[in-house]
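The values are calculated or read from the model by the stated rules, or taken from the named source; none is laboratory data. Worth saying up front: this structure is predicted, and the values here are computed from it rather than measured. All Cβ positions, even for glycine, are placed from backbone atoms using ideal geometry, and neighbour counts span all protein chains on display. Heavy atoms of the whole protein, side chains included, go into the accessibility calculation; ligands, DNA and RNA do not. Shrake-Rupley method; radii C 1.70, N 1.55, O 1.52, S 1.80 Å.
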Amino acid sequence: MPSTPSEPFGTVEPGSGVNIRQFPSTDSTVIGSLGSGSKVGLRCKVRSQNINGNDIWYMLRGQEGWVAARYVMNTGHVNWCKDVATGKSDDDE
């Protein structure tokens, strides 16, 4: 059984699954996916494309890519990204 990542982490909403994108937009290339119930570390968040009323996207920690917060329930405080290209957050200073 996979271990739960340290906080902050996200859990993919039941029944949905989510694509991992290169950038925070559905126009961006799909570079992977996470199944329903998967847990993944979250590095930081940005406001970007609105998905069903939610415009937050999370940059993953420990792997490349972004996921739409609409499909991921976060646990712990996720900082805002200072730089989308590098994923640096307020805690990186």
*Charge dipole (debye, nearest 20) of the chain; +1 at Cβ of Lys and Arg, -1 at Cβ of Asp and Glu*: 180
*Relative contact order for the chain: what is it in percent, counting Cα pairs under 8 Å that are at least 6 residues apart?*
30
*Calculate, for the chain, the solvent-accessible area per residue in square angstrom, rolling a 1.4 angstrom probe over the heavy atoms of the protein chains.*
57
*Quickly work out the LYS82-to-SER16 label distance, labels modelled 7 Å from Cα along the C-beta direction, and quote it in nm with one decimal.*
3.0
*How many nm separate the modelled label positions at SER33 and SER6, each set 7 Å beyond the Cα in the direction of the Cβ?*
3.1
_For the stretch 1-55: rounded, prolate or oblate by the Cα gyration tensor [a/c cutoff 1.5]_ = prolate
*Carbon and sulfur atoms: what percent of the 1.4 Å accessible area of the chain do they account for?*
46
*Of the listed values (i) 22.1, 73; (ii) 12.1, 38; (iii) 15.6, 55, grab the one calculated as Rg and Dmax of the Cα atoms in Å from the structure here.*
(ii)
